[in-house]
Every structure is written in structure tokens, then in C-alpha cells.
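J.: One structure coming up, written as C-alpha cells, with questions to follow.
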Amino acid sequence: MVRSRRLRLAAIPIAATLALLLAGCTQQQLQGWLPTEPGTTNNVDRVIGLWVTSWIVLLIVGIITWGLTLWAVIVYRRRRGQTGLPAQLRYNMPIEIFYTVVPLILVLGFFAFTARDQSAIEAKYDDPDVTIAVYGKQWAWDFNYVDENVYSAGIQGQPNPDDAKGSLVESEIPTLYLPVGKKVEIQLEARDVIHSFWVIDFLYKKDMIPGKTNYMYVTPEREGTYSGKCAELCGEYHSLMLFNVKVVSQDEYDAYIKSLKDAGFNGQLGHEYDRNQNLPGTTSPRVAE
């Protein structure tokens, strides 16, 4: 009874401290300093929740661990007049079991929640509203709008000659347009080496592997322009392999598709532009020896 009362009394200042700290947090801190805003896509809030909850659990474990360590240092310190080693205790079975079971529960818990969220994020759209094929290449991007049968070919970022700080010409950065509120399937391909398609604010990235098609399923829910980049070191100009994603209204998306058609960018940019033409499964003719 006394021990239970002591635990309750000890929990009060801890809870009060946590409440005070959380009340004073900014929105950026509450979402674990992740580079996005809640509601950007259908998956962002799920990722934020997993990230922040994991850190809260780990901080609580850290506080308890450091607290017990300091408690042991203070309570079992050598007193004045004492010599030699203190009494040595071994094989405390309840503590040994506790130290084994608790980490196991934590690991299994992290695994279970991560697997749950990963399954939801990777869930395939059976009937996507928009299908995009993205080709990564050294060091830019090609975007195929499959349903509309148009394309946009990109070039790597170009340094701005008027800026001594080394910024890029924004208008030259490849831009992918997506309609807001629509289910999007993105097919990811690589023309040469391994790349990685990363839209920073979407809190999601996936590798692009030559000879293999990966898929990304997302519903953008907030209009705006979002930065993207290759997240896999892919060669000399990897840092210039940037792109933007513009999430726009359906009308603006339709107008952009029309502008591509009017400019003559009809059809699809396929594997005929791949640098590795001898990969298994390709239909390119071999050069006679």
C-alpha cells in the first residue's frame, strides 16, 4: 500500500512535467521535426504518428533507465568510513526476467506497429485515378502521364549564373503534376543505375532499380509545390538530380496535360532510352561480336 502510494506520488511530477513540455511545443516539435505538414497526403499522418509515438516511448525508457542508474549511484555509494567493495549481489531472477521481457515487448511492439503502417502505406490501388511512370536517369527524370499518353522529359538542375550562392534555375527543374484528392499509382523505373524517388514532404521514398518496376501509391490531399530529389548516391551529379511535385486542382492538371499535347509531347518515353540495353528481359537487339 505504501509502495503504491509512493509510485502515485512520483508519477504526479513526471506527468505534470510532460504536460507542461508538450503544451509549450510548436507544431513542428509535436510532429517530431519531420519536414512536412499533417494532411499533405493520405499517409503522412500515419508516418508522423508512428515516428512521434516511438520517440515518446523511447524517451520514457531513457528517463526510467537514467533515473534508476542515478538512484543506484546515490543509494549504494560508498559512505564515509567504509572501505573495500560493497556487498555484491548476483542472480536476482525477477530483475533478470524484467530486463529480458521489457525489451522484447518493446521490440515486438515497434515491429507490429511498423508492419501495420507499412502494409497500409504499400496497399495497392485496384483502380487508380491517375497512373504515372517515372524514369530515373543520370541525372534527371522523365515523367510519363500514362492515362493521357503524354510525357515530360527532364534535364538535371542547372546552376543559376546570376546567383553566386550556387542556386539552380527553378524553371529548369523537372516538375511532376498531380491532381489533388486523386488516387495516384506511380511506376518507378531506372535507366542506368539505382536511383531513389523521394518526395520530401510525402515522408516516403522508394528505390528505382534497373530491370525492375517498383510501385508507389499515394493520394495527395493538399495543394502546393513539394521538393523531391534522388535519395541514392548515383554518380557525379547526384546532388543536381532534383525535381518538384505540383499538387494542383483537377482543372489546372487538365490544363497542364493539354499544354504538353499542344507542345507535341505525345506518346510515352519507354525503355528504348535506357543505357543498360543488355539487362535480362529487355528486347533490345544485341550488338554482333
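The values are calculated or read from the model by the stated rules, or taken from the named source; none is laboratory data. These numbers come from a predicted model, not from an experiment. Using ideal geometry, Cβ is built from the backbone for each residue, glycine included, and neighbour counts are taken over all protein chains shown. These accessible areas exclude ligands, DNA and RNA; they are computed on the full protein's heavy atoms, side chains included. Shrake-Rupley method; radii C 1.70, N 1.55, O 1.52, S 1.80 Å.
J.: How large is the accessible surface of Trp71 in square angstrom, using a 1.4 angstrom probe and rounding to the nearest 10?
T.: 140
J.: At q = 0.16, 0.28 Å⁻¹, what base-10 log of I(q)/I(0) does the Debye formula yield for region 178-248 when every alpha carbon is treated as an equal point scatterer in vacuo?
T.: -0.57, -1.31
J.: Between Thr225 and Arg275, what length comes free when the chain is fully extended (0.36 nm per residue of separation minus the Cα-Cα distance, one decimal in nm)?
T.: Extending this stretch completely gives an extra 14.9 nm.
J.: Heavy-atom accessible area per residue, region 30-73, 1.4 Å probe: how many Å²? Each step should come with its number before you reach the end.
T.: Working: 2800 Å² over 44 residues.
Roughly 64 Å² per residue, with all protein chains present.
J.: Rounded to the nearest 10 Å², what accessible area does Asp45 show when all protein chains are kept and the probe is 1.4 Å?
T.: Near enough 90 Å² of accessible area.
J.: Still on this model: For region 55-94, compute the orientation-averaged projected area of the C-alpha convex hull (one quarter of its surface), in nm².
T.: 4.0
J.: Then there's this: To the nearest 20 debye, what is the magnitude of the charge dipole of region 178-222 about its Cα centre, counting +1 on the Cβ of each Lys and Arg and -1 on the Cβ of each Asp and Glu?
T.: Here region 178-222 has a charge dipole of around 100 debye.
J.: Give me Rg/Rg_expected for region 88-214, where Rg uses Cα atoms only and Rg_expected = 2.2 N^0.38 Å with N residues.
T.: Working: Rg = 22.9 Å, N = 127, 2.2 N^0.38 = 13.9 Å.
The value comes to 1.65.
J.: Could you tell me whether region 223-264 comes out rounded, prolate or oblate from its Cα gyration tensor? Rule is a ≥ b ≥ c as square roots of the eigenvalues, rounded for a/c under 1.5, then prolate if a/b exceeds b/c, otherwise oblate. The partial results should precede the final answer.
T.: Values: a/c = 5.05, a/b = 1.92, b/c = 2.63.
In terms of gyration-tensor shape, oblate.
J.: Follow-up question, since we're still on this one. For Lys183, which aspartates and glutamates qualify as cross-link partners when the Cα separation must be under 15 Å and same-chain residues fewer than eight apart are set aside?
T.: Filter leaves Glu122, Asp126, Asp127, Asp129, Asp147, Glu221, Glu223.
J.: Quick check: Cα centre of region 96-118 to Cα centre of region 178-247, how many Å?
T.: Here the answer is 32 Å between Cα centres.
J.: Heavy atoms only, probe 1.4 Å: what % of the accessible area of region 38-162 goes to carbon and sulfur, would you let me know? Provide the component values of the computation, followed by the final result.
T.: Working: 5800 of 8840 Å².
Answer for region 38-162 is 66 percent, counting heavy atoms of protein chains only.
J.: Just check region 39-146 against the gyration tensor rule for me: Cα atoms, a ≥ b ≥ c as the square roots of the eigenvalues, rounded for a/c under 1.5, and otherwise prolate or oblate depending on whether a/b exceeds b/c.
T.: Details: a/c = 4.12, a/b = 3.17, b/c = 1.30.
Judged from the Cα gyration tensor, region 39-146 comes out prolate (a/c at least 1.5, a/b above b/c).
J.: Please grab the % of Cα pairs in region 204-280 that end up more than 14 Å from each other.
T.: Values: 2253 of 2926 pairs.
More than 14 Å apart: 77 percent of the Cα pairs in region 204-280.
J.: With a 1.4 Å probe and all protein chains kept in place, how much accessible area does Phe113 have, in Å² rounded to the nearest 10?
T.: 110
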